[in-house]
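Trainee: A single structure is presented below for examination.
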């Protein structure tokens, strides 16, 4: 199995060292770049390739959101954003910036490893809620597989549905019309054979779709 190479950015030296130690302790994942800002990380990527970027959201100069937008526009490696700020709407900003992952810094190493691995595979793992805890507490009784596969856009909509966001908020974060989101939600409910959003989210978590 090939090693997932991570580029890490955080403006706090102690946090940077701590994250490096945590990530290097994960099986099959290694930090190959460390930077104190988004701009420094971009410069380093010119010389050292990476498969996934893990970045703090709040940094002076080019912050994590700006870094994410830059890499997304340039077709660079996927970005997992970390934050200590549990702010309403921050996950929506992360989604709009093109982030493949979003989680609080107090997430478990296992959740961080999952986010990095899924990002490396091109999947999105925005976590406005901790799906691992929900999976344990609210396992859905129906584990029948979906009737069809999910597109990356449908997965993004499902993630935001799991955060309790309305169709209007999801539409704003993904720069789509509210009517388009309603269609996505309808397709998601049909694929999961569920009759409402709550059941759809719980089933998607149980089946590890999100």
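Trainee: Tell me, yes or no, whether region 172-194 has at least one residue that is surrounded by 21 or more Cβ atoms within 10 Å (Cβ to Cβ) and modelled with pLDDT under 90.
Mentor: Looking for residues that are surrounded by 21 or more Cβ atoms within 10 Å (Cβ to Cβ) and modelled with pLDDT under 90, one finds at least one in region 172-194, hence yes.
Trainee: Quick one: is residue 192 outside the structural domain of residue 90 (by TED's automatic domain parsing), in contact (Cβ under 8 Å) with a residue 24 or more places away in the chain and in contact with a strand residue (DSSP E or B) (Cβ under 8 Å, 6 or more places away or on another chain)?
Mentor: No; evaluated as a whole, the condition is false for this residue.
Trainee: For region 2-89, give me every one of the helices (runs of 4 or more DSSP H) that falls completely inside it and has 1 or more residues that are within 19 Å of the chain's Cα centre (by Cα), surrounded by 20 or more Cβ atoms within 10 Å (Cβ to Cβ) and not assigned by TED's automatic domain parsing to the domain that holds residue 103.
Mentor: none
Trainee: What number goes with the only condition from (1) modelled with pLDDT under 85; (2) touching a helix residue (DSSP H, G or I) at 6+ places or on another chain (Cβ under 8 Å); (3) in a helix (DSSP H, G or I) that residue 168 does not pass?
Mentor: Residue 168 satisfies all of (1) modelled with pLDDT under 85; (2) touching a helix residue (DSSP H, G or I) at 6+ places or on another chain (Cβ under 8 Å); (3) in a helix (DSSP H, G or I) except (1).
The values are calculated or read from the model by the stated rules, or taken from the named source; none is laboratory data. Values in this document were obtained by computation on a predicted structure and should not be read as measured data. Note: ideal-geometry Cβ built from the backbone for every residue, glycine included; neighbour counts use all protein chains shown.
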